[in-house]
Each structure stands twice: as structure tokens, then as C-alpha cells.
Amino acid sequence: MTASRSTATAADLRGAGLRVTAARVALLETVRAGDHLGVEAIASGVRDRVGHVSLQAVYEALHALAAAGLVRRIQPPGGPARFEGRVGDNHHHVMCRSCGALADVDCAVGEAPCLTASDDHGFAIDEAEIVYRGLCPACSGTRTSPAP
């Protein structure tokens, strides 16, 4: 963790009205550096950076960071919550039915919510959350080649 990144992370926490602690800085940096991490993986990353932290403290900090809009909580159906640092752009996800791999998918059309509900029931819709499901290349036995 670099001092300049930690300083910027601390500023993000302050800007969201949150108290800056070493554990919160480590947690936010762990989520931002990770790829749709579960709570156990986040706790491990925080412990690697600052030493002991309880799982309960990690849950509480994640709740505060998600409420402040600094991290995004993703709750795949039938699976544990995962967290990511990509916030504010209304992107979607693709999830492997076999291994649970999760990847970002940009909106296909325009700006948020990027989809139009067939009936909004009077709601002022500002976000759409889509989870595409299928088999990842490793589980389906196919390989994807990089674009030329």
C-alpha cells in the first residue's frame, strides 16, 4: 500500500463522512484492488495489511462503506455477498453457474438505468441491476481468445 494511495483513500472516507481508521483504509483498498471479493477474502486482505481485525468489524465497515457509496455490495442469488470498488456507473455482472466466477459487464445501452422497465409502477427508476448467468470459459471447456 503506497502512502499516496492511502492518503487518497483516507480522503475518500472523510469525504463520505466516515471516520478514518487504519482498518477502514485497508478494507477499502482491499476491495478496490480485488475482484468481487467475499467477506472472508476481504478480512484476510485487511489482516495482511494491519494485523488482527474481527469478522464482525469487517461486516460493519462494509455496511458503512456500501451505505456511503464507496463500495458496491453484490448479492448473487444463492450465494454469499461480494463487494467491489467499482461504484456509480450502473454496470452489470455475469456469473458462472458452476464455479461462481463473477465479472463486470458494462451497460449495453446509454446511461443509468440503461434499461426501461415495461411497467415502472410509478417508481422513479434510477438503476438497473442485471446478473447474466452461464458457464465461464474454464467450466464450459472453451477458451476465449484476445481480440486481434
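The values are calculated or read from the model by the stated rules, or taken from the named source; none is laboratory data. Please read all numbers here as calculations on a predicted model, not as lab measurements. Glycine also receives a Cβ, built like all others from the backbone with ideal geometry; neighbour counts cover every protein chain displayed. For accessibility, only protein heavy atoms count, side chains too; no ligands or nucleic acids. Shrake-Rupley method; radii C 1.70, N 1.55, O 1.52, S 1.80 Å.
Between exposed GluC sites (Glu not before Pro) in the chain, where DSSP calls loop and at most 10 other Cβ atoms lie within 10 Å, what's the longest gap?
It runs 1-110.
Please report how far the C-alpha centroid of the range 41-60 lies from that of the range 66-123, rounded to the nearest whole angstrom.
24 Å
At 0.36 nm per residue, and after removing the present C-alpha to C-alpha distance, how many nm does the segment from Arg14 to Ser140 gain when stretched out fully?
The Arg14-Ser140 span can extend by a further 40.9 nm.
What's the carbon and sulfur percent of the range 12-119's accessible surface, probe 1.4 angstrom, rounded to a whole number?
51 percent
Restricting to DSSP H runs of at least four residues, report the calculated mean residue ellipticity at 222 nm for the chain, -39500 (n - 2.57) per run over all residues, nearest 500 deg cm²/dmol.
Using -39500 (n - 2.57) per qualifying helix, the result is -11000 deg cm²/dmol.
Size of the dipole of the chain about the Cα centre, Lys and Arg at +1 and Asp and Glu at -1 on the beta carbon, nothing else charged, in debye to 20?
That gives the chain a dipole magnitude of about 660 debye.
What list of ³J(HN,Hα) values in whole Hz, one per residue of the range 15-20 in order, does the Karplus curve 6.51 cos²θ - 1.76 cosθ + 1.60 (θ = phi - 60°) give from phi, with Gly and Pro shown as x?
x, 8, x, 9, 5, 8
Please report the relative contact order for the range 1-62, taking Cα pairs under 8 Å with a sequence separation of at least 6, and give it as a percent rounded to a whole number.
So the answer I get is 28 percent.
Along the charge dipole of the chain, pointing to its positive end and built from +1/-1 on Cβ of Lys, Arg, Asp and Glu, which listed residue (Ala103, His92, Ile125) has its Cα farthest out?
Farthest along the dipole direction, towards plus: Ala103.
Where only protein heavy atoms count, and the probe is 1.4 Å, what is the accessible area per residue for the chain in Å²? Write down the numbers at each step before the final one.
Numbers: 8990 Å² over 148 residues.
I get 61 Å² per residue for the chain.
Note down the nm distance, to one decimal, between modelled labels 7 Å out along Cα→Cβ at Ser4 and at Ala66.
That separation, rounded to one decimal, is 3.3 nm.
Taking the Cβ-Cβ separation of Cys99 and Ser44 as r and a Förster radius of 22 Å, what is the calculated FRET efficiency to the nearest 0.05?
Numbers: r = 19 Å, r/R0 = 0.88.
My answer for the efficiency is 0.70.
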